[in-house]
1. Inside the range 296-315, can you point out the residues that are assigned to a helix (DSSP H, G or I) and closer than 17 Å to Val365 by Cβ?
2. Could you grab me the full set of residues in the range 438-453 that are modelled with pLDDT of 95 or more and in contact with a strand residue (DSSP E or B) (Cβ under 6 Å, 6 or more places away or on another chain)?
3. Please indicate, with yes or no, whether at least one residue in the range 83-90 is touching a residue at least 40 places away in the same chain (Cβ under 8 Å) and surrounded by fewer than 18 Cβ atoms within 10 Å (Cβ to Cβ).
4. It is to be established whether one or more residues within the range 262-283 are hydrophobic (A, V, I, L, M, F, W, C), surrounded by 24 or more Cβ atoms within 10 Å (Cβ to Cβ), touching a strand residue (DSSP E or B) at 6+ places or on another chain (Cβ under 6 Å) and under 26 Å from Lys364 (Cβ atoms).
5. Among Ser351, Ser356, which is the only one that is of a type outside the set (A, V, I, L, M, F, W, C), in contact (Cβ under 8 Å) with a residue 60 or more places away in the chain and in the same structural domain as Asn435 (by TED's automatic domain parsing)?
6. Among residues belonging to the range 77-111 that are among the hydroxyl-bearing types (Ser, Thr, Tyr) and not in a helix (DSSP H, G or I), point out the one that is nearest to Asp209 (Cα to Cα).
7. For the range 311-343, give me the residue count where each residue is closer than 18 Å to Asp406 by Cα, touching a Gly at 6+ places or on another chain (Cβ under 8 Å) and not hydroxyl-bearing (Ser, Thr, Tyr).
8. When Ile398 is evaluated against the numbered criteria (1) in contact with a Leu (Cβ under 8 Å, 6 or more places away or on another chain); (2) under 30 Å from Cys187 (Cα atoms), which criterion, by number, is the only one it fails?
Amino acid sequence: MVAAQSDASSSDAHRVVITGMGWVTPLGADIDSTWNKLIATQSAIGPVTRFDASTCSTNFAAEVKDFDLKEFLSDESGLHANAGVGTQFALAATISAWKMAGLDTKTSDLKRTGIYLGAGEGGLDYPPYMAANIAGWDHETRKLNSVDWIKKAYEGMQPIAEIEQEPQLASSHISAELGTMGPTLNCMTACAASTQAIGEAFEIIRRGDADVMIAGGCHSMIHPLGMTGFMRLTAMSTRRDDPQTASRPFDNSRDGFVMGEGAGIIILESLQSAKARGATILAEVAGFGSTADAYRITDIHPDGKGGAGAMSAALKQAGIDPSSTDSDGRPMVHYISAHGTGTQENDKTESNGVRSVFGDLAPKVPFSSIKSMMGHLIQAAGAVELITCIQAIQTGIIPPTANLNDLDPACGLDHVPNIPRDMNDSGGVDVCLSNSFGFGGQNDTICIRKFVD
């Protein structure tokens, strides 16, 4: 049973739908085969091949394999020749989503088409001058211990490489490829970025500033600089003996997250625009919530109040009461895609937030983490996880949390352990939440529902 539309979102003028989606993930770069691997509980985690990580405390990650941008666009002009790897992922995912949506650069109103990404800094091979700078830095005195780094930096610097390190370049490459001239934005709210980008893009359409928004995120941090920082924070798993079981959200033995990379893009469109061109509608965006923990930079509030606030705000905008049930006695939300990183703090705190919002119904809401199979895609994570919610609505199947063999009682909800769940015999999947929480205390939640005209 689909939740009733709220008065605020009942008119076509304020309704926003999803008409396309695309992703590049460690499990693959097309929707169907990657989804099939997720519901087969297949892991993409293995030894790092991008650099020699043999001496690192964490020597494994979820890498995107066999990726070639030319499979998605020709780039005969060389427009994207210097694009960083994250930008390449975003371009590929965008082309896939654009085609699925049935959009055409010749017939679409490109002045009313915008972009909002959560895109991270840096490319696959961070520039030599950055390494030189780090090598010359004394952490105790907070001074450069040698001026030799300046010469090394100058010798290693390539102006185009410097420009391509800027995170907003992914949006610029997409705009240049498709010719879009609407609002073009980027945010960097760590692991919440792509969820925030989609939520803000939703609001841009609702207020009438665009008809179509390309929204999502991209990131790659599988390089020495990116991984070393998280190692020093002791945030990453060190389970070197068996990488495929290293990501263990909600399990008693979890010891940190596993680095992943990729991109997720969805096409948001006003319902009026989608109807006018006869587009196939995949789902409707019903609500968006965004909060701050106001707590610590690297830790989330242990009560989960920031995450609970984001979930509550998204549900309120969607007109959904989390304490109520449908005519079949089911909670009004049928699936929550968890942030679920596999760190001790995140998993129990997010579970606390779900309990706070759903009360006695919390144990009845399926709540799983696909990071257990494809790692943490950092700023791309939220968008990719929202696509799994769209897929859950489309197929009626909920992806599992892999490697969950000993549930932590502090988490203790329905985390869909190891085996996907087919919901078709119990009413299907009509309403989903997707959670993303970032360093600095940023919390973002998007609510989507099955589209009903």
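1. Gly307, Ala308, Ala310, Met311, Ser312, Ala314, Leu315
2. Within the range 438-453, Asn443, Asp444, Thr445, Ile446, Cys447, Ile448, Arg449, Phe451 qualify.
3. Taking every residue of the range 83-90 in turn, none turns out to be touching a residue at least 40 places away in the same chain (Cβ under 8 Å) and surrounded by fewer than 18 Cβ atoms within 10 Å (Cβ to Cβ).
4. yes
5. Ser351
6. Ser108
7. Going through the range 311-343 one residue at a time, the tally reaches 1.
8. Condition not satisfied by Ile398: (1).
The values are calculated or read from the model by the stated rules, or taken from the named source; none is laboratory data. This structure is a prediction, so every number in the text was calculated from the model and none was measured. Note: ideal-geometry Cβ built from the backbone for every residue, glycine included; neighbour counts use all protein chains shown.
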